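Novice: Sharing a structure with you now.
What follows draws every value from the coordinates through simple rules; no lab data is involved. Quantities reported herein were computed from a predicted structural model and do not represent experimental measurements. Here Cβ is always computed from backbone atoms with ideal geometry, including for glycine, and neighbour counts include all displayed protein chains.
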Amino acid sequence: MAELIALAKERLRHGRPDIAEAICADLAAAAPDDADVLHTYGLALLTREGPAPRATAALKRALDQRPNDPDLKMDLAVACLRQGNVRNARATMQMVAAGHGGGERATALQAVINVVTDEGLPGEDFIAGCAEDDLRLIAQASILLNRADKALIALAGVAAERVDILPTLARALAGTGELRAAVDVAARSWATAETRGPFQRRMLGSEVEAICRALETALADYRPRRVLLARVLLDTADRFHEGVNLLNAVLETGDDDPEALTAGGLAYVRQGAFADALSLLDQARGRHPDDPAIARIHAAALWVDERSADPPPDMLSTNEMMTLAGGLCAEDQLDRAAHVLQCAADKDPYREDIWVMLGDVLSITGRFAKAEKAVTIALGIHPAEPKARVLRATLALQRGDLEAGWHLFESRFAYWRRDTPPRRFQAPRWTGDLGRDRTLMVWREEGVGDEIRFAGCLPMLAEHGFSRIIFECAPRLASLFSRSFPQLEVRGEAADGQEEDYDVQIPLFSLPGLLRLRIADYSDGTAYLNVDRQIAEVYRGRLSNLGPAPRIGVCWKSLNASWMKRPFHSGLEDWAPIFDAVEATFINLQVDVDPAALKCWGIYDVEGLDLRNDFDGVAALISELDAVVSARCWVPILSGALGVPTICFSAPFNPFFFGQDQDPWMPWVQIYTSAGCADWRGPMEAIATDLPGVLGRLR
């Protein structure tokens, strides 16, 4: 612990408060009353823009442990001012004065409080003699007290090149009615953020977005505001497409603003649409031949589109190189993406996000030792970085180290996940102790495939002594799970704020870390899902009309189109060895498929079955098949959980397979691994050879 807190302080001193904050958040969870941890945590939180309620709470808890520390009291006073709570700030400084501590800093802070509370404006003499950080604090507190005029005067005494004042200045300008000037300053703030790491971009981006949205009514059609908001949204994962739509609306007006054109080019590059990027950037260069940003992005788009083996253009910033790598990943050019990321890491070796993305690319392509090296470097820079810890977790699971893997996998809650809304509970987390007649609630995570896989742990809860076990699942799976787990109370996922009728709770993906720490714990050999027999009889009748040949369900890709899942996808043309060699009737299990493609390949589509949402129907159909052959997605998980012989073909990286040739969770699922990303020749030929034997052993 001493080593970690020392590292947090070092990172805080060297301009990485995000690392200090993350380290201290972990330490505070383990040692909630450690004053040193709480103090450092509060200081890290104070570096964020805007009010500081979390910093105030941490510093108050630290002060409870060290009530005579004047530095701690003064930091708490600053946090109170940052919330506009001058009364508490003054009371805290009175405690400092009563203890005869604080020295010059206490005098300066008291002067700040006096200026903030005074009805008049600070004079030139005061500003000239005041430290810039104190003037910034006056401005921040004054804005919260609706004194933007005072904030502007205070900020006039801060050097214009200090970029950390820009969000405060933008808010002050907006508060005095200088709305367009506020947008211009916010744009300068975002231009600075675009050169920074992910934490700084996220923090400054949230400030800039808040300013743009606050001015939406007053400046609804003001182009710079709309372009700026689009640029900020384009830098996010969850609202990227909102930014695209906003930017398209601007560009459709015929506006040739260089910032809008550059943002549009970057958006296309990020999506891997290099031809579209070049089309837009060719126009942009023609209109603005001397604009350096357009020249950089144009050079990047030319490089990726021509598929040159040369290094990426030296003129690109680190963030632009990462955007370039993201576009290459979107186009399944993972080797080139790894090359670009390595160039970015050479350029800026202390950016953990570069190493994490490089580790992701290397792991997906099966270069596990190099991926482990990349994630080790990332964690050396930022020991609490959640994505790095999750990547290390999946690499540990991949090699069969379940104890380390499941422990590190808990870091998944520290970052945004598309299919798992954040949940907040009053009930404490279950830690594996005996139930003692309490009620346990297990709640779902991520997509239906993983939900079905991890639901295999639920029967193991029966031996822990709970009087009642609730499982909150995806609503479309509720009927299937209710039938399969009659000992549980199964219900659809609830929203936060509903009454909690349970004593403890746990997320579904945390069960293996408590219940299954050895690979041998997964091989109980039983199917755990039960179908509706009446529906199954209907499909048995419908399938019997197709003739006596074995019936094989087929699915060739996941619905997840992200670059990390695309290497697991196949095309129907990859299946030619199977279709040519195996005498069988092939049944479609692929969602959202072109009927013409099914007809071309002779695949039977079950009319009227909603493969996306009707899991009772899909499960009943699969239960009547002789076998399933599928890409890695929810289909082979469902068929395996039903006990249907299943062949799953996959790229090398399969963390939940624990490096095994057979799915440890489901003995009926055999795995065929490709030599490289989406190179299915070997697996398909092997499946074509082995499938007749599988069918020959069937009932």
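Novice: Assuming 0.36 nm per residue, please report the length gained on full extension of the stretch GLN65 to GLN660 beyond their Cα-Cα distance. Don't jump to the answer; show the numbers that get you there.
Specialist: Details: separation 595, 0.36 × 595 = 214.20 nm, distance 5.08 nm.
Additional length available on full extension: 209.1 nm.
Novice: A further question follows. Which loop-located GluC sites (Glu not before Pro) does region 431-530 contain, where loop means any DSSP state but H, G, I, E or B and the Cβ has at most 11 other Cβ atoms within 10 Å?
Specialist: Numbers: sites: GLU445, GLU446, GLU451, GLU463, GLU472, GLU489, GLU493, GLU499, GLU500; in loops: GLU445, GLU446, GLU493, GLU499, GLU500.
Those satisfying the criteria are GLU499.
Novice: Right, here's the next one. Can you give the charge dipole size of region 439-517 about its Cα centre, rounded to the nearest 20 debye, using +1 on the beta carbon of Lys and Arg and -1 on the beta carbon of Asp and Glu? Numbers along the way, then the final one.
Specialist: Numbers: 7 positive and 13 negative charges, 88 e Å.
The dipole of region 439-517 has a size of about 420 debye.
Novice: In whole Hz, with x marking every Gly and Pro, tabulate ³J(HN,Hα) for region 437-452 from phi via Karplus 6.51 cos²θ - 1.76 cosθ + 1.60, θ = phi - 60°.
Specialist: Once θ is set to phi - 60°, the couplings for region 437-452 become 6, 8, 9, 10, 10, 9, 10, 6, 9, 6, x, 5, x, 5, 4, 5 Hz.
Novice: When only DSSP loop residues count, what trypsin sites (Lys or Arg not before Pro) in region 275-379 have their Cβ near at most 13 other Cβ atoms within 10 Å? Please list the in-between numbers first.
Specialist: Details: sites: ARG285, ARG287, ARG296, ARG307, ARG336, LYS347, ARG351, ARG367, LYS370, LYS373; in loops: ARG307, ARG351, ARG367.
Filter output for region 275-379: ARG307.
Novice: Let me ask something else. Note down the nm distance, to one decimal, between modelled labels 7 Å out along Cα→Cβ at ASP614 and at ALA6.
Specialist: 6.5
Novice: Report, in degrees rounded to the nearest 10, the 0 to 90 angle that the Cα long axis of helix 132-144 makes with the longest principal axis of the chain.
Specialist: Helix 132-144 and the main axis of the chain meet at about 70 degrees.
Novice: Based on the Cβ-Cβ distance of ASP594 and ARG162, what FRET efficiency does E = 1/(1 + (r/R0)^6) give at R0 = 60 Å, to the nearest 0.05? Don't skip to the end; give the middle numbers.
Specialist: Numbers: r = 57 Å, r/R0 = 0.95.
Working from the Cβ atoms, E equals 0.55.
Novice: Here's something else I'd like to know. Multiply the residue separation of TYR415 and ARG307 by 0.36 nm, subtract the distance between their alpha-carbon atoms, and state the gained length in nm to one decimal. Numbers along the way, then the final one.
Specialist: On the way: separation 108, 0.36 × 108 = 38.88 nm, distance 3.32 nm.
Answer, rounded to one decimal: 35.6 nm.
Novice: Right, here's the next one. Amide H of ARG468: which non-local residues (sequence gap of 5 or more, or other chain) have their own amide H closer than 5 Å, using H built in the peptide plane?
Specialist: Residues meeting the criterion, in which the H sits 1.01 Å from N, are LEU440.
Novice: Sticking with this structure for a sec: Based on the Cβ-Cβ distance of THR117 and GLU499, what FRET efficiency does E = 1/(1 + (r/R0)^6) give at R0 = 45 Å, to the nearest 0.05? If you can, show how the numbers build up before the last one.
Specialist: Numbers: r = 44 Å, r/R0 = 0.98.
E(calc), rounded to 0.05, equals 0.55.
Novice: Related question: Relative contact order for region 439-517 using alpha-carbon pairs under 8 Å, separation at least 6, rounded to a whole percent? Before the final figure, lay out the partial values.
Specialist: Numbers: 103 pairs, mean separation 37.0, N = 79.
For region 439-517, the relative contact order is 47 percent.
Novice: Right, next: Reachable lysines from LYS60, Cα under 29 Å, same-chain residues fewer than 8 places away excluded?
Specialist: Within the straight-line cut-off, LYS60 pairs with LYS9, LYS73, LYS150.
Novice: Taking the Cα centre of the chain as the origin, how large is its charge dipole in debye, to the nearest 20, when only Lys and Arg (+1) and Asp and Glu (-1) carry charge on their Cβ atoms?
Specialist: Numbers: 74 positive and 99 negative charges, 182 e Å.
Dipole about the Cα centre, nearest 20: 880 debye.
Novice: What lysines could a cross-link reach from LYS565, if we take a straight Cα to Cα line under 21 Å and drop same-chain neighbours fewer than 8 places away?
Specialist: LYS370, LYS387, LYS557
Novice: With each label point set 7 Å from Cα along the Cα-Cβ vector, what nm distance links MET460 and PHE425?
Specialist: Label-label distance for MET460 and PHE425, simple model: 1.8 nm.
Novice: What is the set of long-range amide H partners of TRP556 at a cut-off below 5 Å, with H atoms built 1.01 Å from backbone N?
Specialist: Excluding prolines and chain starts, which carry no amide H, the hits are ALA631.
Novice: Determine the dipole magnitude for region 533-696: charges of +1 sit on the beta-carbon of Lys and Arg, -1 on that of Asp and Glu, nothing else is charged, the reference point is the Cα centre, and the result goes in debye to the nearest 20.
Specialist: Numbers: 11 positive and 19 negative charges, 49 e Å.
With Lys and Arg at +1 and Asp and Glu at -1, about 240 debye.
Novice: Per-residue ellipticity at 222 nm for the chain, helices alone: DSSP H runs ≥ 4 residues times -39500 (n - 2.57), over residue total, nearest 500 deg cm²/dmol?
Specialist: Details: 33 runs with 379 residues, N = 699.
Result for the chain: -16500 deg cm²/dmol, rounded to the nearest 500.
Novice: For region 349-414, build the charge dipole from Cβ charges (+1 Lys, Arg; -1 Asp, Glu) around the Cα centre, then report which of ALA393, LEU408, ILE377 sits farthest towards its positive end.
Specialist: Farthest towards the positive pole: ILE377.
Novice: Which chymotrypsin sites (Phe, Trp or Tyr not before Pro) does region 290-390 hold that lie in a coil by DSSP with at most 16 other beta carbons within 10 Å?
Specialist: On the way: sites: TRP303, TYR350, TRP355, PHE368; in loops: TYR350.
Listed in order of number, the matching sites are TYR350.
Novice: Projecting each Cα onto the charge dipole of the chain (Lys/Arg +1, Asp/Glu -1 at the beta carbon, about the Cα centre), which of MET321, PHE656, MET203 comes out farthest on the positive side?
Specialist: Among MET321, PHE656, MET203, the one farthest towards the positive end of the dipole of the chain is PHE656.
Novice: What is the gain in length, in nm to one decimal, between SER467 and VAL538 on full extension, counting 0.36 nm per residue of separation less the C-alpha to C-alpha distance?
Specialist: Numbers: separation 71, 0.36 × 71 = 25.56 nm, distance 3.78 nm.
Contour length minus Cα-Cα distance gives 21.8 nm.
Novice: Show me, for region 285-300, the HN-Hα J-couplings you get by feeding each phi into the Karplus relation (A = 6.51, B = -1.76, C = 1.60, θ = phi - 60°), rounded to Hz, glycine and proline as x.
Specialist: 5, x, 7, 9, x, 9, 7, x, 5, 5, 4, 5, 5, 5, 4, 5
Novice: As an exercise, use a Förster radius of 45 Å and the Cβ-Cβ distance of ASN560 and ASP290 to find the FRET efficiency, rounded to the nearest 0.05. Mind showing how you got there, number by number?
Specialist: Numbers: r = 42 Å, r/R0 = 0.94.
Calculated value: 0.60.
Novice: Can you give me the distance in nm between label points at HIS407 and TYR350, each placed 7 Å from the Cα along the Cα-to-Cβ direction?
Specialist: Placing both labels 7 Å along Cα→Cβ, they lie 3.0 nm apart.
Novice: Tabulate in residue order the Karplus-calculated ³J(HN,Hα) for region 62-72, using 6.51 cos²θ - 1.76 cosθ + 1.60 with θ = phi - 60°, rounded to whole Hz; enter x for Gly and Pro.
Specialist: Taking θ as phi minus 60°, the curve returns 5, 5, 4, 8, 10, x, 10, 8, x, 4, 5 Hz for region 62-72.
Novice: Same structure, new question: Going by a ≥ b ≥ c, the root eigenvalues of the Cα gyration tensor, does region 439-517 fall in the rounded group (a/c under 1.5), the prolate group (a/b larger than b/c) or the oblate group? Provide the component values of the computation, followed by the final result.
Specialist: Values: a/c = 1.28, a/b = 1.05, b/c = 1.23.
Rounded shape, in that the Cα axes give a/c under 1.5.
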